[in-house]
1. Going down the list LYS4/LYS247; LYS202/LYS246; LYS240/LYS330; LYS202/LYS267, which pairs span over 25 Å between their C-alpha atoms?
2. Considering only DSSP states other than H, G, I, E and B, which GluC sites (Glu not before Pro) in segment 310-400 qualify as loop sites with at most 10 other Cβ atoms within 10 Å?
3. Considering the Cα trace of segment 348-399, what is its radius of gyration and what is Dmax, both in angstroms?
4. Angle check, please: helix 366-381 long axis (alpha carbons) against the longest principal axis of the chain (alpha carbons), in degrees 0 to 90, nearest 10.
5. Which angle from 0 to 90°, rounded to the nearest 10, does the C-alpha axis of helix 193-204 make with the longest principal axis of the chain?
6. Count neighbours as other Cβ atoms within 10 Å of each site's Cβ, and list the trypsin sites (Lys or Arg not before Pro) in segment 333-385 that are DSSP loop with at most 14 such neighbours.
7. Give the distance, in whole Å, between the Cα centre of segment 307-357 and the Cα centre of segment 231-299.
8. Let me have the relative contact order for segment 348-399, percent, based on Cα pairs under 8 Å that are six or more residues apart.
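Please treat every number below as a calculation from the coordinates, not as lab data. As the structure is a computational prediction, the values presented were derived from the model and not from experiment. In this analysis, Cβ positions are derived from the backbone assuming ideal geometry, glycine residues included, and neighbour counts consider all displayed protein chains.
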Amino acid sequence: MRLKLPPKVIRIIRVLQENGFEAYAVGGCVRDMILGREPDDWDITTSARPQQVKKIFLRTVDTGLAHGTVTVLLGDDSFEVTTYRIDGAYEDHRHPSFVTFSGELAEDLRRRDFTINAMAYNREQGLVDLFGGMEDLQRKRIRCVGDARERFGEDALRILRAVRFSAQLGFFVEAGTEKALREMADSLAFVSAERIQTELTKLLLSSHPAYVLRLFDTGIAGVILPELDEEIQNSGYLEKAAVRLKKAPSQKAMRLAIFLYPLGEKKAAQTLRRLKFDNHTIDAARRLVRWHDYSIGENPAAVRRAAALMGEEIFPQALQMQKTYKDVSKAESLWREILEKGQCISKKSMRISGDDLISLGMKPGRAIGECLEELFLDVLENPEHNTKEYLLECAKRKLA
Ligand code: ATP
Ligand code: MG
């Protein structure tokens with residue numbers, strides 16, 4: 001089998017070989033190349049030790065020397081070059097307690113999670129597939145390398161990764177791996193929030209986001225999302241969420257909001273905080289949960305009011321989210337019109353300010369805010385009122 005590696009990857013592999021070492025592209029990039037998908041990154045595995053890799057290449061970064069990883073910089077690109085390694089036992093279900101470097105490619109492939117992720121390739125040796133990864137790709141199957149129970153026992157994150165890869169690729173989980181995954185789901189309790197968050201995000205942003213609902217029937221949700229697992233019992237949530245997730249664009253906050261919607265905004269935010277999501281994502285998801293059911297209305301003033309209430313940047317997202325479960329075409333076309341006409345939907349874009357009111361003789365204080373609020377409500381109803389002359393006139397009348 002001949003695969004097309006990028007020139008820089010070919011160069012790194014060749015240079016390592018010229019220095020007497022073995023080197024291959026490995027893992028996700030090989031899998032994606034075979035599937036005709038664009039790999040996210042290119043990982044290289046080699047018999048060279050980290051110090052040797054550092055000697056051979058001019059520009060390198062010590063990414064994880066203890067784990068054998070050196071990043072090689074070529075032009076604007078970077079490539080992780082990792083020494084063949086054997087992972088020691090995962091005593092805490094998190095990290096291997098030690099890693100040993102190895103001279104054998106086979107040992108490096110054996111430590112990897114799934115057969116489809118355990119293939120290596122270079123131009124000289126072709127595809128190295130020791131565990132039937134190619135066959136599993138053809139059968140669209142996620143299967144552990146070796147004994148599934150043992151592999152999940154070493155690192156419980158693999159349980160969630162199995163569902164994540166099945167969602168990204170549209171694959172099913174092979175029966176033995178599936179059985180082990182259900183039996184071992186509880187051990188996800190030992191995995192750090194950060195690692196769970198990374199996998200959950202990839203799962204939700206995948207091309208089969210509804211696969212996230214498999215977390216419920218496998219017992220995974222009971223461990224990593226107990227709040228949600230409890231909340232959704234007998235609510236018809238699974239069917240609804242499946243449809244909505246499929247229709248939603250691949251946007252993090254929106255898919256999280258649809259997924260966590262039954263929790264309500266406060267608990268949804270708490271859950272996201274516990275999983276160590278960043279504040280921006282938490283805030284956006286929280287607001288989308290808040291507006292999930294909000295009735296936007298179907299006349300221009302109602303749409304302007306809704307946009308003013310939600311804020312300009314969240315409003316279009318809320319519309320898109322609601323579109324996954326109801327017809328919002330009327331509100332959408334009204335919104336487009338509002339944008340085209342440049343109508344005012346925030347106090348910031350009113351043609352009058354607090355300073356203007358002070359010039360008219362108002363005392364700084366609460367009254368100014370109240371007056372601006374009244375004028376703003378007027379402008380929301382009547383966009384043509386957003387002129388300086390009109391608003392000043394109006395303010396003068398109020399003052400008198
Ligand atoms: P993508 O980067 O597209 O999400 P990937 O397959 O590259 O997918 P990574 O998480 O980047 O996934 O991991 C790179 C490779 O390292 C995997 O293909 C797999 O061979 C190995 N790997 C990663 N995490 C684990 C793990 N927890 N246990 C065993 N092997 C793993
Ligand atoms: Mg990767």
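1. LYS4/LYS247
2. GLU313
3. In order Rg, Dmax, the Cα atoms of segment 348-399 give 10.0, 28 Å.
4. The helix 366-381 is inclined about 80 degrees to the chain.
5. Roughly 80 degrees between the two axes.
6. Those that pass, being in a loop and sparsely packed, number zero.
7. 21 Å
8. It rounds to 47 percent for segment 348-399.
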